[in-house]
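The values are calculated or read from the model by the stated rules, or taken from the named source; none is laboratory data. This is a predicted model, so every value here is computed, not measured. Every residue, glycine among them, receives a Cβ derived from its backbone with ideal geometry; neighbour counts consider all protein chains shown.
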Amino acid sequence: MADRDPEQDNLFKEIDEDLRQQKYADLWKKYGKFVIGAAVALVVGVASIKGWQAYDLNRKSEDSKLLASALKSIARDKPDTASGILAKLAQDGSSGYAVLARFNQAAILAKKGDGKAASGAYLALSDDSSIDEIMRDMALIMAALHGIESGDAVALSQKLTRLINGTNAWRHSAKELSALLAQKSGDKAKAQKLYKELSDDATAPSGIRTRAAEMTAILGG
């Protein structure tokens, strides 16, 4: 049997790694738009519903009208008009309306494609102790989602740790995002570990388990 050429082996390894990275990129393209699109809808929908329940938004009819007007402008693809209304509401509105205005301000930034600014806006919400915990947790998920490409991967991963542990409702999404952040920062071992845990977790939503299984296979070679 002929001796193996070390240079040839290295070339094959590089090609194999490139192929795996391409698979990762293709998978992110496949799911990324769905996740981000769902996230924007989540802010306008779930955040508003939860906000209504938590903060009794009927206290001030004027604030209610302003928020409704901003949401209509967003739906009609008039982000600049919506931004002006939301800025006023975030500054002068009652606490519940101000929080929802800030969430939707961040959503507009995300819709415009400014992921870094959107992540920062969501992160500020997640760090605001005056906001209800469920809203803060959701804001952190959104901050991590939009910070994957341009945010501080290490800092975001550290913040997500508090959601991963225990029985937090966002724990599976937080772990998936932590794996993505680890992958982006070059920590393949951590990413592979987190994806494997998710793919084996019977309590995780089926979509997350499926994506995690695919990523485990890709990173595992």
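Residues are listed down the side, and each one gets a yes or a no for (1) free of Cβ contacts under 8 Å to residues at least 12 places away in the same chain; (2) over 16 Å from Met135 (Cα atoms); (3) of a type outside the set (Lys, Arg):
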site	(1), (2), (3)
Leu163	no, no, yes
Ala169	no, no, yes
Ser173	no, no, yes
Glu176	no, yes, yes
Asp187	yes, yes, yes
Lys196	no, yes, no
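Can you confirm whether Thr81 is surrounded by fewer than 17 Cβ atoms within 10 Å (Cβ to Cβ), more than 19 Å from the chain's Cα centre (by Cα) and either assigned to a helix (DSSP H, G or I) or not assigned by TED's automatic domain parsing to the domain that holds Asp187 (or both)? Against the criterion (surrounded by fewer than 17 Cβ atoms within 10 Å (Cβ to Cβ), more than 19 Å from the chain's Cα centre (by Cα) and either assigned to a helix (DSSP H, G or I) or not assigned by TED's automatic domain parsing to the domain that holds Asp187 (or both)), Thr81 qualifies.
Please indicate, with yes or no, whether at least one residue in segment 60-77 is surrounded by 21 or more Cβ atoms within 10 Å (Cβ to Cβ), in contact with a Pro (Cβ under 6 Å, 6 or more places away or on another chain) and either closer than 22 Å to Leu163 by Cα or not hydroxyl-bearing (Ser, Thr, Tyr) (or both).
No, every residue in segment 60-77 fails to be surrounded by 21 or more Cβ atoms within 10 Å (Cβ to Cβ), in contact with a Pro (Cβ under 6 Å, 6 or more places away or on another chain) and either closer than 22 Å to Leu163 by Cα or not hydroxyl-bearing (Ser, Thr, Tyr) (or both).
For residues that are in contact with a Ser or Thr (Cβ under 9 Å, 6 or more places away or on another chain) and not charged (D, E, K, R), scanning just segment 110-134, find the one that is farthest from Ala70 (Cα to Cα). My answer is Ser130. When we screen Gly186, Gly207, Gly151 for residues that are at positive phi and either part of a helix (DSSP H, G or I) or out of contact with any Phe, Trp or Tyr (no Cβ under 8 Å at 6 or more places or on another chain) (or both), the only hit is Gly186. Restricting to segment 127-139, name every residue that is touching a residue at least 24 places away in the same chain (Cβ under 8 Å), surrounded by fewer than 24 Cβ atoms within 10 Å (Cβ to Cβ) and part of a helix (DSSP H, G or I). Passing the criteria: Ile134, Met135, Asp137.
Considering segment 174-195 alone, what residues qualify as being among the hydrophobic types (A, V, I, L, M, F, W, C) and surrounded by fewer than 19 Cβ atoms within 10 Å (Cβ to Cβ)? Hit for segment 174-195 is Ala189, nothing else.
Residues in segment 145-161 that are free of Cβ contacts under 8 Å to residues at least 24 places away in the same chain and surrounded by fewer than 19 Cβ atoms within 10 Å (Cβ to Cβ): Asp152, Ala155, Gln158, Thr161.
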